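Everything below concerns the one structure shown next.
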Amino acid sequence: MTREAGGSAGDPRAVAAHAVEVRDFTKRFGQVTAVDGVSVDIAQGELFGFIGPDGAGKTTLFRTMVTLLVPDAGSVKVLGRDVVDDLWELRARVGYMPGRFSLYPDLSAMENLQFFASVFGTSVEAGMSIIEPIWRQLAPFAGRRAGALSGGMKQKLALCCALVHAPDILFLDEPTTGVDAVSRREFWDLLDRLRAGGLTIVVSTPYMDEAIRCDRVALMQKGKLLLVDTPQAIGDAYPRPLFAVRATDRLGTLGVLRRFPHAAAVWPFGEVVHYTDARAGMADASIIAELETFAGASGVDDLEVQAIDAGIEDAFMWHMMAQEGV
Amino acid sequence: MSALAIDARGLTRRFGDFTAVDAITFHVAQGEVFGFLGANGAGKTTAMRMLIGLLEPSSGSATVAGYDVVRDAEAVRRNIGYMSQKFSLYDDLTVQENITLYGGIYGLTNAQIAERTRKLLGRIGLEHARKELVRRIPLGWKQQLAFSVALLHQPRIIFLDEPTGGVDPITRRRFWEMIYETAATGTTVLVTTHYLDEAEYCDRLSIMVDGAIAAMGTPGEVKGAFGAASLDEVFLRLTRPGAA
């Protein structure tokens, strides 16, 4: 598998600085602007995630990056090649796993793999060194109709089919949607191994907890990028003091905290409530003392408050509120 | 009539040699929010289909809203609401047409439909979209609308099958607040989800593994029983023994 960025010698674009360069990219469908002036660079060898809900524009962006859609404005380059001008060259070099089930249900697992290999002018044998770690788990079901595989196995087969031609970059559009928590974790373990081999991977997901597995992420909402950075930096940049609040009556606590005059954001987070104070720069201890007093006066007397670091989901909601004025 | 919203005893379903649901016994009290968890293929959907009277058990029994799911399947279906991510509303009908259609199916009068439409759209802030085709409204709204429509006939129990897939984290939390408001009125909620943080919002939950219930209790009890810090950890240990 070649990992050099370039193609033909002498082409000034052959060694691309970035695996993906998106510049002011806009795509409309009728009245709807699906992607609205997005710019982002993805480095060679990066595992890069687009995180956002349905309708954020992730799929439109992915379809454009893999040359299936043409920008209305702006430009998109992949491996230094323009997705419009150089589409035939690019198509041979990108791997793409669409969000919807993309296999032939009436063909066996092996037949699907053979089909995708032949479309790209290669063979399963030639691609085996790349897909072997994944295919190993599928091999016992090689003869089974793809339509009769379990969800997790279908997903692994689709990944094999996207990789069998040894692409230089892999695009995965919501590979884990609807998959249970443990299978999702296993899928990300596979992506880690592919990335360790030097492959550039671009992945989208609606699951905030998956962001942590990426080198960098772009938070996407309503066709725009809210933020692009490492997961750590996104958490670190949270602009206000954040606390985890625990009390027996979690719902009652939600209501009480929302009535606190300095509350900026109050959301349930699993077994705790995340409380963001509107006052930047105030000492954590003073905020905690004020909260305990306020809650006590409202009849919640077992409040435990702890200052915490923000995660991706906190940051996403904060920027969403800022964008929409929620 | 049983005081329990759901009372399942030894509920079993086999497909040929395969036992999809293996003698599950559990109950859900009226007004409870019960999380029904499990990996893909663990048997959740099969169990749910038996509980809503769409699939006959191979053995065992269950009552839902006090009615036997086999003998009184019709009464069960009249007394429950059901919402799933995959099928709930008709995309090619407007918001109003969907409400009217479901109201009609559940035998509501035109006056009842008009009254409940007004309340429903007011509650979720969708009055302006009454004449929009459902396929044109955002997913988050669609989910809230589907949930409200499933409650239109004021069922005693509502079954929610992965109701929050694909939405942003704020919309997901707002949906759960609707679940709580509904439970506070005495309606029982049984919900499946792949978001384990959501499972923490349930009064009680069960985790199915290979057709059987492998853990059940309040979120605190379940974590305590496994000495685990999070439900995520419990889930991993149950579904991939040896991996954790």
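The values are calculated or read from the model by the stated rules, or taken from the named source; none is laboratory data. Note that the structure is a prediction, hence the values are computed from the model and not measured. Methodologically, a virtual Cβ is constructed for each residue, glycine included, from the backbone with ideal geometry; neighbour enumeration extends over all protein chains shown. All accessible areas refer to the heavy atoms of the entire protein, side chains included, with ligands and DNA or RNA removed. Shrake-Rupley method; radii C 1.70, N 1.55, O 1.52, S 1.80 Å.
This table checks each residue for (1) in contact (Cβ under 8 Å) with a residue 40 or more places away in the chain; (2) on the phi < 0 side of the Ramachandran plot.
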{"position": "A:Thr176", "(1), (2)": "no, yes"}
{"position": "A:Val182", "(1), (2)": "no, yes"}
{"position": "A:Asp189", "(1), (2)": "no, yes"}
{"position": "A:Ala218", "(1), (2)": "yes, yes"}
{"position": "A:Gly223", "(1), (2)": "yes, no"}
Original post:
In region A:176-212, which residue that is away from every other protein chain (no Cβ under 14 Å) and not hydrophobic (A, V, I, L, M, F, W, C) is least open to solvent (accessible area, probe 1.4 Å)?
Top reply: A:Thr200
Original post:
Restricting the search to region B:1-38, which residues are open to solvent by 10 Å² or more (accessible area, probe 1.4 Å), hydrophobic (A, V, I, L, M, F, W, C) and within 17 Å of the chain's Cα centre (by Cα)?
Top reply: B:Leu4, B:Ala29
Subject >> helices (runs of 4 or more DSSP H) within region B:51-162 that include 2 or more residues in contact (Cβ under 8 Å) with a residue 40 or more places away in the chain and either surrounded by fewer than 17 Cβ atoms within 10 Å (Cβ to Cβ) or within 15 Å of the chain's Cα centre (by Cα) (or both) >> reply: B:139-150
Subject >> Filtered residues of region A:12-42 (kept if assigned to a loop (DSSP other than H, G, I, E, B), at pLDDT 50 or above and of a type outside the set (A, V, I, L, M, F, W, C)) >> reply: A:Gly30, A:Gln31
Original post:
Quick one: is B:Phe18 in the same structural domain as B:Asp161 (by TED's automatic domain parsing) and either within 27 Å of A:Gly151 (Cβ to Cβ) or touching a residue at least 12 places away in the same chain (Cβ under 8 Å) (or both)?
Top reply: no
Subject >> Flag for A:Thr293 being polar (S, T, N, Q), touching an Asp or Glu at 6+ places or on another chain (Cβ under 9 Å) and without any contact (Cβ under 8 Å) to a residue 60 or more places away in the chain >> reply: no
Original post:
Out of the residues in region A:213-239 that are open to solvent by less than 30 Å² (accessible area, probe 1.4 Å) and either basic (Lys, Arg) or within 13 Å of chain B (Cβ to nearest Cβ) (or both), which is nearest to A:Arg193 (Cα to Cα)?
Top reply: A:Leu219
Subject >> Residue, farthest from the chain's Cα centre (by Cα), within region B:203-218, restricted to residues that are in contact (Cβ under 8 Å) with a residue 24 or more places away in the chain and open to solvent by less than 10 Å² (accessible area, probe 1.4 Å) >> reply: B:Gly211
**OP:** Spot the failing condition for A:Arg100; the list is (1) closer than 30 Å to A:Ala139 by Cα; (2) more than 14 Å from every other protein chain (Cβ to nearest Cβ), and only one is missed.
**Re:** (2)
Subject >> Cβ pairs under 8 Å, 6+ apart, first in region A:246-261 and at the interface with chain B (Cβ under 10 Å from one of its Cβ atoms), second part of a helix (DSSP H, G or I) and open to solvent by less than 80 Å² (accessible area, probe 1.4 Å) >> reply: A:Leu251/B:Tyr180
**OP:** For residues that are assigned to a loop (DSSP other than H, G, I, E, B) and over 13 Å from the mean Cα position of the chain (by Cα), scanning just region B:163-193, find the one that is nearest to B:Phe235 (Cα to Cα).
**Re:** B:Gly165
